[in-house]
Amino acid sequence: MKIVLLGPPGAGKGTLAESLRDTLGLLHISTGDILREEMKNGTPLGKEAKKFVESGGLVPDELVTRLIKNRLENDPKAKKGFLMDGFPRTQKQAEDLDKILKDLNQPVDCTLCLEASVKTVVQRLTGRRVCKQCGALYHMTNKPPKKEGVCDNCGGPLYQRADDNEETIQNRMKVYTESTKPIIEYYKAQGKLRSIDADTDSQTVRTAALKIING
Ligand SMILES: [Zn+2]
């Protein structure tokens, strides 16, 4: 099963991906995780990305596409299927992804679009805490760490991202909605788009997703 997850920041893509990954034995391909991993391991692509990150810029779309391509072609687990999280972000990337997958003879089966309201997203993101060391995500009410301010995985310190405040989140939602419209239309035209109400708890979202996947 090859699945693309769409949804605004805070809609619960990461949580859903983790829970489906374990149930269905799929590879979770998260753009953020891949970037961190490649930079940490000092791979050629990681070094290229690091230059942009260190100069305070964004990693260009085209480089992100190459990172995803590299992972899809070389990770044997990707052959069994995957959950794509954080990619594609533009229609160009969606088209490139289709080309890459066509060459691998592994077309996308479905695109799950998590639909969350601004109110839900604000509630989730303002409570979010991130591990400075390994990038693990926590939530003050929904997923607190065992010890306050400390990462369960690695013992690193947790912090609140500067852009996880209400005003910035409202802005990010606007940007997300605008930039995702063409991607949604793109997958709709292929008959692959499925929407899930994400203004609810993660268990309900998971059940809805599995119902779609198991058709
Ligand atoms: Zn950690």
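If you go through region 152-165 and keep only what is at pLDDT below 90 and either farther than 28 Å from Gln93 by Cα or touching a Pro at 6+ places or on another chain (Cβ under 6 Å) (or both), you end up with just Asn165. State whether one or more residues within region 112-135 are in contact with a Ser or Thr (Cβ under 7 Å, 6 or more places away or on another chain), surrounded by fewer than 17 Cβ atoms within 10 Å (Cβ to Cβ) and among the acidic types (Asp, Glu). So far as region 112-135 goes, yes, one or more of its residues are in contact with a Ser or Thr (Cβ under 7 Å, 6 or more places away or on another chain), surrounded by fewer than 17 Cβ atoms within 10 Å (Cβ to Cβ) and among the acidic types (Asp, Glu). In region 160-184, how many are without any contact (Cβ under 8 Å) to a residue 40 or more places away in the chain and not aliphatic (A, V, I, L, M)? Residues in region 160-184 being without any contact (Cβ under 8 Å) to a residue 40 or more places away in the chain and not aliphatic (A, V, I, L, M): 11 in total. Among residues of region 125-136 being touching a helix residue (DSSP H, G or I) at 6+ places or on another chain (Cβ under 9 Å) and more than 10 Å from Cys151 (Cβ to Cβ), the one that is modelled with the highest pLDDT is Thr126. Checking each residue in region 167-215 for being among the small types (Gly, Ala, Ser), modelled with pLDDT under 95 and assigned to a loop (DSSP other than H, G, I, E, B) picks out only Gly215. Scanning region 18-29 for residues that are over 16 Å from Gly135 (Cα atoms), touching a strand residue (DSSP E or B) at 6+ places or on another chain (Cβ under 7 Å) and hydrophobic (A, V, I, L, M, F, W, C) yields Leu20, Leu26, Leu27. Looking across region 132-158 at every residue that is away from the ligand (no atom under 15 Å from the Cβ) and not hydrophobic (A, V, I, L, M, F, W, C), the one that is farthest from Ala198 (Cα to Cα) is identified as Thr141. Restricting the first member to region 134-154 and to residues that are under 15 Å from Arg124 (Cα atoms), and the second to residues that are within 12 Å of the ligand (Cβ to nearest atom) and modelled with pLDDT under 90, the beta-carbon pairs closer than 8 Å and six or more apart or on different chains are Lys143/Leu137. When Arg129 is tested against (1) within 16 Å of the ligand (Cβ to nearest atom); (2) basic (Lys, Arg); (3) without any contact (Cβ under 8 Å) to a residue 24 or more places away in the chain, only condition (3) is not met.
Name the residue that is farthest from the chain's Cα centre (by Cα), counting only residues in region 1-40 that are of a type in the set (Val, Ile, Thr) and within 15 Å of Ile213 (Cα to Cα). Full working, then the answer.
Here is the first cut: in region 1-40, the ones of a type in the set (Val, Ile, Thr) are 3-4, 15, 23, 29, 31, 34.
Right, trim to within 15 Å of Ile213 (Cα to Cα) and you get 3-4, 23.
On the way: Ile3: 12, Val4: 9, Thr23: 18 Å.
The selected residue is Thr23.
Note on region 8-31: among residues that are of a type in the set (Ser, Thr, Tyr), modelled with pLDDT of 90 or more and assigned to a helix (DSSP H, G or I), the one that is surrounded by the most Cβ atoms within 10 Å (Cβ to Cβ) is Thr31.
Looking at region 192-202, is at least one residue farther than 20 Å from Ser19 by Cα and surrounded by 12 or more Cβ atoms within 10 Å (Cβ to Cβ)? There is at least one residue in region 192-202 that is farther than 20 Å from Ser19 by Cα and surrounded by 12 or more Cβ atoms within 10 Å (Cβ to Cβ).
When Asp164 is tested against (1) under 21 Å from Ser202 (Cβ atoms); (2) charged (D, E, K, R); (3) more than 11 Å from the ligand (Cβ to nearest atom); (4) not in a loop (DSSP other than H, G, I, E, B), exactly one condition is not met: (4).
The values are calculated or read from the model by the stated rules, or taken from the named source; none is laboratory data. This is a predicted model, so every value here is computed, not measured. Quick reminder, even Gly has a Cβ in these numbers, built from the backbone with ideal geometry, and neighbours come from all protein chains shown.
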